[in-house]
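To start, the structure under review is shown below, and the notes come after it.
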Amino acid sequence: MNQTIHNLLTEQLASWETARNNYAALSEVQVKELNVNGTLYKVQFNPARIVSSGAKVDAKSIKERKCFLCPANLPAVQKGIPFEGHYNILVNPFPIFPRHLTVPETAHVAQRIAPRFGDMLDLARQLTDYTIFYNGPKCGASAPDHAHFQAGNKGFMPIEQDWRRQVAGKVADYGQATLWWLNDAPRTTLVIESADRKTAIKLFDTVYHSLDIQPGEDEPMMNVLVMYEDNKWIVFVFPRAKHRPACYTAEGDANLLSSPASVDLGGVFITPVEKDFIKITAKDIAQILSEVCLSPADFQKVRKRIQEQL
């Protein structure tokens, strides 16, 4: 499957001008590194991502626009690879990663993780060169009305290499799986490590049902990363408390267009506006994370609930 994806990328960059230009522009992207309480974060200035970071995701705006993930609305030049009969693997034309994919359902169904977490594991098992990610409907998804995953080449997000040295403790063992929690505040991170698909799904389901669902919502707020390596799945779950930080809508100098999603929580903060890239500091990232992630007390409650359920 990795080779098939490579061939798709090669073909699309040859035939699709928008994608070709945006991937070429990645070589010009500016990056800086910041140390946030001992955790490395990269900041990327990527103007093409204004499409996602600035997306209007209120019900009225969604209703008034065509769904850009529905097959009927894709550009004629955009080609895909079918996956499991009801997904389409596409090249993302507004990349963060050198190899960036979007994997939407072929049907127009809402962005929900519970019924398709197993699909996410299967995708990671097939696309071993990639980390798969899920953004909840109010956790960075620019298409909360259409179920989809994304994927980016492994080795891009700091958490992929750093997580083991950040383990704070074990939440639980369950069969062939272990659930860890990380010492990476103000981010709140749970990690499932499992060699067995059913066990990974059971642990994820337990985490899911240990999180609060906010009024008017259908699922707990979260971002999820999954990768498959050394014959096991590594699943990062970032429980969320808030969609966007206060700085997103602040006036004047306090404004910073940050709408954190899985990649940001994985350690690469995306800034589509140059002034934000220049001014953002480790203190800003810590503040943003402290707003959108769970409080230490709430994170502790979640871990206790998980242990009580298992």
(1) touching a residue at least 40 places away in the same chain (Cβ under 8 Å); (2) not in a helix (DSSP H, G or I) all hold for L256 apart from (1)
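For the structure I just gave you, tell me whether V226 is within 30 Å of D196 (Cβ to Cβ) and part of a strand (DSSP E or B). Give the steps one after another, and end with the answer.
Working: within 30 Å of D196 (Cβ to Cβ): yes; part of a strand (DSSP E or B): yes.
It is true that V226 is within 30 Å of D196 (Cβ to Cβ) and part of a strand (DSSP E or B).
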Hey, T39 in contact with a helix residue (DSSP H, G or I) (Cβ under 9 Å, 6 or more places away or on another chain), among the hydroxyl-bearing types (S, T, Y) and open to solvent by less than 20 Å² (accessible area, probe 1.4 Å) or not: yes
When you look at E33, is it assigned to a helix (DSSP H, G or I) and either in contact with a helix residue (DSSP H, G or I) (Cβ under 8 Å, 6 or more places away or on another chain) or acidic (D, E) (or both), yes or no? no
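Could you check segment 56-116 for strands (runs of 3 or more DSSP E) lying wholly inside it with 2 or more residues that are of a type in the set (K, R) and open to solvent by less than 70 Å² (accessible area, probe 1.4 Å)? Write out each step before concluding.
On the way: elements: 80-83, 87-91, 100-104.
Passing ranges: none, list empty.
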Taking the residues in segment 213-252 that are in contact with a helix residue (DSSP H, G or I) (Cβ under 8 Å, 6 or more places away or on another chain), charged (D, E, K, R) and without any contact (Cβ under 8 Å) to a residue 60 or more places away in the chain as candidates, determine which candidate is nearest to V292 (Cα to Cα). K242
Looking at (1) surrounded by 18 or more Cβ atoms within 10 Å (Cβ to Cβ); (2) under 18 Å from K138 (Cα atoms); (3) in contact with a strand residue (DSSP E or B) (Cβ under 7 Å, 6 or more places away or on another chain), which is the one condition that is false for A241? (1)
Provide a single number: the residues in segment 2-45 that are among the aromatic types (F, W, Y) and over 22 Å from the mean Cα position of the chain (by Cα). 1
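Taking segment 286-310, which residues are assigned to a helix (DSSP H, G or I), closer than 30 Å to G252 by Cα and out of contact with any helix residue (DSSP H, G or I) (no Cβ under 9 Å at 6 or more places or on another chain)?
In the first step, residues of segment 286-310 are kept if they are assigned to a helix (DSSP H, G or I); the result is 286-292, 296-309.
Now restrict to residues that are closer than 30 Å to G252 by Cα: 286-292.
The answer is A286, S290.
The values are calculated or read from the model by the stated rules, or taken from the named source; none is laboratory data. Quick caveat, the model's predicted, so the values are computed rather than measured. Reconstructed Cβ throughout: ideal geometry from the backbone, glycine too, with neighbour counts over all protein chains shown. Surface areas here come from the heavy atoms of the whole protein model, side chains and all, with no ligands, DNA or RNA. Shrake-Rupley method; radii C 1.70, N 1.55, O 1.52, S 1.80 Å.
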